[in-house]
Amino acid sequence: MNVVEFLFVLVVATLAAFLGYQVQLNANKQDFTTRVIRDLTPDPELVEHSKEFQKKEIRKVSEDIYMGIGYALGNAIMIIAPEGLIIVDVTESSMAAKEILAEFRKITKKPIKAIIYTHHHTDHIGGVGGFIEDPENLPDIWAHEQLPLEIRKFHTTAYGAKFKRSMRQFGVFVTKEKYQNAGIGIQLNYGKAKDSMGFILPNKLLTEMEFDTNIAGLDVRLMKIPGETSDQIGLWIPSFKAFMCADDMYRAFPNIYTIRGAPARDPVDWYTSLQRMLDLSPEYLVPSHTQPIIGKENVRAVLEVYRDGIQFVHDQAVRFINKGYSPDDVVKHVIMPDKLRLHPHLREFYGTVPWSVKGVFQLYLGWFSGDPVDLFPLSNVDKAGRIVALAGGVSEVLSAAFKAWNDNDIQWALELASYILVVDERNVEARKLKVDCLTLLGIRNINAIASNYYITTALETSGSLKLEIDDKHREEIILALGSRELFELVSTMYKYEECGGRSDVVVFEITDKNQQYTIQLRNFVAIVRDDLKPKFYDLKVIASEKAVKKMMIERIANVKLNNLKDFQLEGNEDKFRSFMACFESDWNR
């Protein structure tokens, strides 16, 4: 399949974790919604931070470099080269990308010769369609060789959990009139009418740490700069003395661990990449979020403090880890000195020191704190029941929770209210208190994504906001993924508790892709292989990829197999339906 065929075929796949669901508002519970948003006044410093990106603007960095800022969560960067344009990152939104390109076109009419994806995050690749002026004559698209794999991993593991957590982190559904920002951008573009998010596979891959080349008549150096992601690349333009630093630097403390869900980022890789930038002595530093840094000394000063801030957190975390402290105790000991903590580029608007410290702990030691209490802890449900009983019942815990609220001990009030709701989910007073606690913690927090997470969860707790699966988006995801990705999902959707005693072997022959997949149920797992040619099997499906996707979209419980074009089943249909019922309802509901 050529690159042209990928244009918008992968619509929404790059945001499967974000767009796999539909948000529904319950108009009958506005009393709770009002309770959440009343007197919602964000932290003044966080509001001030919005000036970095609160208005749409085309920022002139130099005679040949321009940035589109404030149109989306991410920036898009235009480099004017002798023979055309180089676009670095394309935002998450085709609508935002089109707006930016229209403004760029007021500056130059040169053709777009190349697009560079700095890494796989959707806010850097999802708006590519807005920069494609001629679908029959695509520009070169550069990325690191790991990018396609990172996209596959992102959309075939835990995408449901990632969606919910991402929506909370970026505050997509926090009331717009009171909305502050998303830490590194004004807001994630989501759900706008006529908007779309898509992806075109790169046709130029960086395979080395550094690669000197000429793009559109301009000598450039592509550099692997792992930091926020392992597939991140930067662009150095020696003649301009300019470095496009992607997400390795923005005007906020970095997200060494992100609460939306991702492996902890390696701080050593991160500050090493920043040191490589420093060694180039750039005069222009152009990030993919927030404003550029201009002037050799200004760039040096920012890069130094950003680099050193990351190293401080890493080194001190390791220091106290080696003393045998648990993650929470390490957090208490790693406190950045004011020279670092108060620097404008290290304020904790996006990442935080405590999350980063826990990320370092996880990176080196995994989930176990070292305390044997945590080897086999009680479940949250069991613990809540015991604490409530120990305290003398729900009324006593509720009294203690109200006292904590009145004493301004909001975290403890939140925990107590949460325990009550675990054992008595219909307790109205506990629910109201939890909503108030979440809202107040959100209002007070300087960290944008913590604030957004608290307030969004308050809306969910109140019942006025619900995240649930949407068939339209589910269909778009299935259509966007290839056969390989779809079959990779199978094993994690297996309902062993219902089908654990089965030993079926089912073969799927994808005729138009010349692919064959075997699914074998054995020992409470579903084993998926593409390198097996079994002599004996229970059932065999011979079908086109389109037919298999149509079966998945319509769900096996509803679809009439005889009506599927290019679909043939060898074996008993009832047995096939029974086999497919062994997998989660995303497939067969």
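The values are calculated or read from the model by the stated rules, or taken from the named source; none is laboratory data. Just so you know, these numbers come straight off a predicted model, no measurement behind them. With ideal geometry, Cβ positions are generated from the backbone for all residues, glycine too; neighbour counts draw on all protein chains shown. Remember, those area values only see protein heavy atoms, side chains included, never the ligands or the DNA or RNA. Shrake-Rupley method; radii C 1.70, N 1.55, O 1.52, S 1.80 Å.
Each 10 Å bin, from zero up to the one with the longest distance, holds this percent of the alpha carbon pairs of the stretch 406-453: 28, 49, 22, 1.
Want the number for D382 to D409: 0.36 nm per residue separation, take away the alpha-carbon distance, what's left? Going from the current span to full extension adds 7.3 nm. With a cut-off of 16 Å on the backbone N, the residues of the stretch 484-503 near the modelled label site 7 Å out from K575 along Cα-Cβ are 502-503.
Label separation (K533 vs L561): 2.5 nm, computed from points 7 Å beyond Cα along the C-beta direction. Across the stretch 181-292, the mean sequence separation of Cα contacts (distance under 8 Å, 6 or more residues apart), normalised by length, yields a relative contact order of 24 percent. Short-range pairs are left out: with C-alpha atoms under 8 Å and at least six residues apart, the relative contact order of the stretch 43-167 is 19 percent. Distance distribution note for the stretch 181-291: the fraction of Cα pairs above 20 angstrom is 50%.
Once the 1.4 Å probe is applied to the protein heavy atoms, the chain comes out at 44 Å² accessible per residue.
Placing pseudo-labels 7 Å out from each Cα toward the beta carbon at E396 and T272 gives an inter-label distance of 5.6 nm.
Its Cα centre serving as origin, the stretch 215-369 has a Cβ charge dipole (Lys and Arg +1, Asp and Glu -1) of approximately 180 debye.
Taking the alpha carbon gyration tensor of the stretch 46-136, multiplying each eigenvalue by 5 and rooting it gives semi-axes of 21, 16, 11 Å, largest first. Straight-line cross-link partners of K55 among the lysines, defined as a Cα under 23 Å from its Cα and at least 8 positions apart when in the same chain: K98, K106, K176, K178, K192, K194.
Computed from backbone phi, the HN-Hα couplings of the stretch 230-237 come to 7, 9, 7, 10, x, 10, 10, 10 Hz, rounded to whole numbers (Karplus: 6.51 cos²θ - 1.76 cosθ + 1.60, θ = phi - 60°; Gly and Pro given as x). Over the chain, DSSP H runs of length four or greater, each weighted -39,500 (n - 2.57), average out per residue to a 222 nm ellipticity of -11500 deg cm²/dmol. Residues whose amide H comes within less than 5 Å of that of I184, counting only those at least five positions distant or on another chain, are absent (H built at 1.01 Å from N in the peptide plane). Here the chain has 50 percent of its accessible surface on carbon and sulfur atoms, given a 1.4 Å probe and all protein chains in place.
For the set W367, W405, W355, the ranking by accessible area, highest first and with no ligand, DNA or RNA atoms included, is W367, W405, W355 under a 1.4 Å probe. Computed from backbone phi, the HN-Hα couplings of the stretch 567-573 come to 9, 9, 10, 9, x, 7, 5 Hz, rounded to whole numbers (Karplus: 6.51 cos²θ - 1.76 cosθ + 1.60, θ = phi - 60°; Gly and Pro given as x). In this structure the amide hydrogen of Y71, modeled in the peptide plane, comes within under 5 Å of the amide hydrogens of E57, none closer than 5 places in sequence on its chain.
Amide H to amide H, with H built 1.01 Å from N, H144 comes under 5 Å of L206, counting only residues 5 or more places away or on other chains.
H333 exposes around 90 Å² of accessible area when a 1.4 Å probe is run over every protein chain in place. With the charge dipole of the stretch 76-200 set up from +1 on Lys and Arg Cβ and -1 on Asp and Glu Cβ about the Cα centre, the Cα lying farthest toward the positive end among the listed residues P135, F154, L101 is that of F154. Legend: residue pairs K323/K358; K513/K565; K332/K358; K533/K560, Cα-Cα distance threshold 18 Å; pairs beyond threshold, K533/K560. Taking a point 7 Å out from the Cα of K495 in the direction of its Cβ, the residues of the stretch 504-543 whose backbone N falls within less than 20 Å of it are 504-506, 519-528.
Each listed q (0.13, 0.18, 0.20 Å⁻¹) maps to a log10 I(q)/I(0) for the stretch 228-364, found by the Debye formula over equal Cα scatterers with no solvent: -0.53, -0.96, -1.15. Ranked by the mean number of other Cβ atoms within 10 Å of their residues, highest first, the peptides 301-310, 212-221, 123-132, 454-463 fall in the order 123-132, 454-463, 301-310, 212-221. Each 5 Å bin from 0 upward holds the following percent of the Cα-Cα pairs of the stretch 114-243: 2, 9, 16, 18, 19, 15, 11, 7, 3, 0. Here the gap between E145 and R444, fully extended at 0.36 nm per residue and compared with their Cα-Cα distance, gives a gain of 103.5 nm. For the stretch 422-431, putting each phi into the Karplus relation 6.51 cos²θ - 1.76 cosθ + 1.60 with θ = phi - 60° gives couplings of 5, 8, 8, 5, 8, 6, 5, 5, 5, 5 Hz, in residue order, rounded to whole numbers and with x for Gly and Pro. Distance between the 7 Å Cα→Cβ label points at F368 and E48: 4.7 nm. Counting only protein chain heavy atoms and rolling a 1.4 Å probe, the accessible areas of F376, F170, F240 rank, largest first, as F376, F240, F170. Summarising the overall dimensions of the stretch 74-183 from its C-alpha atoms, the Rg and Dmax are 15.9, 46 angstrom. For C499, the solvent-accessible surface with a 1.4 Å probe is about 10 Å², rounded to the nearest 10. The mean sequence distance of close C-alpha pairs (under 8 Å, at least 6 residues apart), as a share of the length of the stretch 431-531, puts its relative contact order at 17 percent. Across the protein chains, with a 1.4 Å probe defining accessible surface, the residues K546, K323 rank K546, K323 from largest area downward.
The fraction of all Cα pairs in the chain landing in successive 10 Å bins from 0 to the largest distance is 3, 15, 23, 25, 20, 11, 3, 0, given as whole percents.
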